Amino acid sequence: MTRDNIANPASSANRAHLSANEKRPAASPSAQELVAQASAARAALDTKTLNAAGGDEQSPPLAPDGIEVEENASPRDELPTMEELEVARDNLSKKIAAEGADGKD
């Protein structure tokens with residue numbers, strides 16, 4: 001009796017058919033986990049800002065020594081958007097490519 005290869009899952013010996021999540025190291029979070037963590041962190045920043053602004057006694061914003069922070073500034077406002085990160089990455093790639101082309105001449 002022969003085995004039906006379609007019914008059997010991909011073996012660990014044949015890594016060509018595994019998805020990216022199956023290939024990643026166990027300690028590395030997946031993209032969905034990273035998005036969930038980022039969303040939770042942004043929500044936590046927003047609630048801290050709202051709680052600090054809503055109380056009678058405003059607690060000073062948490063900041064490392066030597067850094068001035070506006071009283072009503074949200075830490076989330078300073079985070080770049082995905083579009084800004086993509087533009088910065090593209091600009092850096094173009095800069096590196098231009099420097100590489102200049103060095104070859």
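The values are calculated or read from the model by the stated rules, or taken from the named source; none is laboratory data. Just so we're clear, the structure is a prediction, and the values are computed from it rather than from any experiment. For neighbour counting, all protein chains shown are included, and Cβ atoms are generated from backbone atoms with ideal geometry for every residue, glycine included.
Per-structure values
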quantity	calculated
Neighbours by Cβ (under 9 Å, 6+ apart or cross-chain): first from segment 79-98, more than 17 Å from Val35 (Cα to Cα); second of a type in the set (A, V, I, L, M, F, W, C) and surrounded by 10 or more Cβ atoms within 10 Å (Cβ to Cβ)	none
Subset of segment 59-90 (residues that are at pLDDT 85 or above and surrounded by 10 or more Cβ atoms within 10 Å (Cβ to Cβ))	Glu84, Leu85, Glu86, Val87, Ala88, Arg89, Asp90
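Per-residue answers, yes or no, for (1) at pLDDT 70 or above; (2) under 27 Å from the mean Cα position of the chain (by Cα):
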position	(1), (2)
Thr2	no, no
Gln37	yes, yes
Ala41	yes, yes
Glu57	no, no
Leu92	yes, yes
Ala97	yes, yes
Ala101	yes, no
